[in-house]
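The values are calculated or read from the model by the stated rules, or taken from the named source; none is laboratory data. Please read these numbers as outputs of a predicted model, since none were measured by experiment. Using ideal geometry, Cβ is built from the backbone for each residue, glycine included, and neighbour counts are taken over all protein chains shown.
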Amino acid sequence: MSVELKKPTLKDFKGDTPTWCPGCGHFSVMAGLQRALVNLGIQPHEVITVSGIGCSSKLPEYSRTYGFHTIHGRALPVAQGAKMAAPEMHVIVTGGDGDGYGIGAGHFVHAVRRNMDITYLVMDNSIYGLTKGQTSPTSPHDFVTKTTVKGNKEYPMDALSIALANGATFVAQAFSGDVKRMTEIIEAAIRHKGFSLVNVLSPCVTYNKVNTYDYYRESLVAIDEPLPTREEAIRVVKAHNRNVHGILYVEERDDFQTQLGIDWKIRDIREGEMDEALIREIEKEFK
Ligand SMILES: Cc1ncc(C[n+]2csc(CCOP(=O)(O)OP(=O)(O)O)c2C)c(N)n1
Ligand code: SF4
Ligand SMILES: [Mg+2]
């Protein structure tokens, strides 16, 4: 007997009360993610949110889904393991610029080129928020913090171009100050079959007085349609010094698990009749 579930609502996704500072961009990112899930008709029990460590990485606690608040920089490996074990789940990874592009940078590049069907939301505030305001991989040049008292002498990392150059099949940038567009972008990222990166510019109102809501409102250029090639997408990102928002590039390509032939078999078993022979065949793949 199949049970018809009622349509999900925002209330269904409400988790613990956030401890983020009032005005933090991460509130809107979480609201956008939950709205996107509701719009797509996805139920809380069909979602796993996985994070590393940081203010942004607290999102799984504040959303009522399956969740895993892992360790710093290791959200992507855990998320990919979860997706391998439960391919029918929607796996959403949330974390910060420090978590994903600093300590987790190696995992980031490999997750991009592996192209598993997961969505990665990087809540990029160009600072380490949780540890009280140190320079991060996306901090601007000459940015002054307690770790760069004479100004940051490194140049910011371009994660969008790294993803594009390494074969990413969905690359977007959103702004948490434009919730409507951000929600559309997150929805498209979840619908995409393959690894989807959404770098969300999400201001830290407490420790970053440079990359503010006003700064982004004045400097961001809207990209209304995905660009035709990844080379063109990189060119546009560079031309605007990364200050773009929209879906930059999308490519339809078989994801990792489809290539292995794993996910359709497991989905078939869960949705249809149990097939002893098929179960034995799958078991052999894991021996
Ligand atoms: C192995 C390890 N190194 C360092 C830390 C300290 N630490 C915790 S969160 C964090 C950075 C958080 O910055 P980000 O990922 O950008 O998230 P935000 O707080 O800005 O949202 C650091 C350095 C840690 N927890 N574990
Ligand atoms: S310190 Fe910054 S990133 Fe962390 S909750 Fe406060 S405003 Fe948000
Ligand atoms: Mg950060």
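Apart from one condition, Ala233 fits all of (1) within 16 Å of Ala168 (Cβ to Cβ); (2) in a loop (DSSP other than H, G, I, E, B); the exception is (2).
Close Cβ contacts (under 8 Å, 6 or more residues apart or on different chains) running from residues in segment 261-287 that are not assigned by TED's automatic domain parsing to the domain that holds Lys83 and modelled with pLDDT of 60 or more to residues that are loosely packed, with under 12 Cβ neighbours inside 10 Å and part of a helix (DSSP H, G or I) comprise Ile262/Glu285. Looking only at residues in segment 149-159 that are away from ligand 3 (no atom under 15 Å from the Cβ) and free of Cβ contacts under 8 Å to residues at least 60 places away in the same chain, the one that is nearest to Ser202 (Cα to Cα) is Tyr155. Does segment 4-27 include one or more residues that are hydroxyl-bearing (Ser, Thr, Tyr) and buried (at least 16 other Cβ atoms within 10 Å of the Cβ)? No: zero hits. Exactly one residue out of Ala163, Ala159 is more than 20 Å from His26 (Cβ to Cβ), modelled with pLDDT of 95 or more, crowded, with 24+ Cβ neighbours inside 10 Å and away from ligand 2 (no atom under 16 Å from the Cβ), and it is Ala163. Restrict the check to segment 26-37 and report whether at least one residue is within 30 Å of Glu285 (Cα to Cα) and either hydroxyl-bearing (Ser, Thr, Tyr) or away from ligand 3 (no atom under 16 Å from the Cβ) (or both). No; the residues of segment 26-37 include none that is within 30 Å of Glu285 (Cα to Cα) and either hydroxyl-bearing (Ser, Thr, Tyr) or away from ligand 3 (no atom under 16 Å from the Cβ) (or both).
Listed here are the helices (runs of 4 or more DSSP H) enclosed by segment 58-140 that have at least 3 residues being crowded, with 18+ Cβ neighbours inside 10 Å and away from ligand 3 (no atom under 16 Å from the Cβ): 75-85, 105-114.
Contact map, segment 122-140: residues that are among the charged types (D, E, K, R) paired with residues that are assigned to a loop (DSSP other than H, G, I, E, B) and surrounded by 24 or more Cβ atoms within 10 Å (Cβ to Cβ), Cβ distance under 6 Å, separation 6+ or inter-chain. Pairs shown: Asp124/Thr138.
Considering Gly67, Gly98, Gly102, which residue is at pLDDT 95 or above, touching a strand residue (DSSP E or B) at 6+ places or on another chain (Cβ under 7 Å), more than 21 Å from Val47 (Cα to Cα) and not hydroxyl-bearing (Ser, Thr, Tyr)?
Gly98
Of all residues in segment 187-212, those being under 24 Å from Asp99 (Cβ atoms) and either more than 16 Å from ligand 1 (Cβ to nearest atom) or outside the structural domain of Ala172 (by TED's automatic domain parsing) (or both) number 8. Tally the residues that are free of Cβ contacts under 8 Å to residues at least 60 places away in the same chain and β-branched (Val, Ile, Thr), restricting the search to segment 177-214. Of the residues in that region, 1 qualify. Of the residues making up segment 51-66, those that are of a type outside the set (Gly, Ala, Ser) and within 14 Å of ligand 1 (Cβ to nearest atom) are Ile53, Cys55, Lys58, Leu59, Pro60, Glu61, Tyr62.
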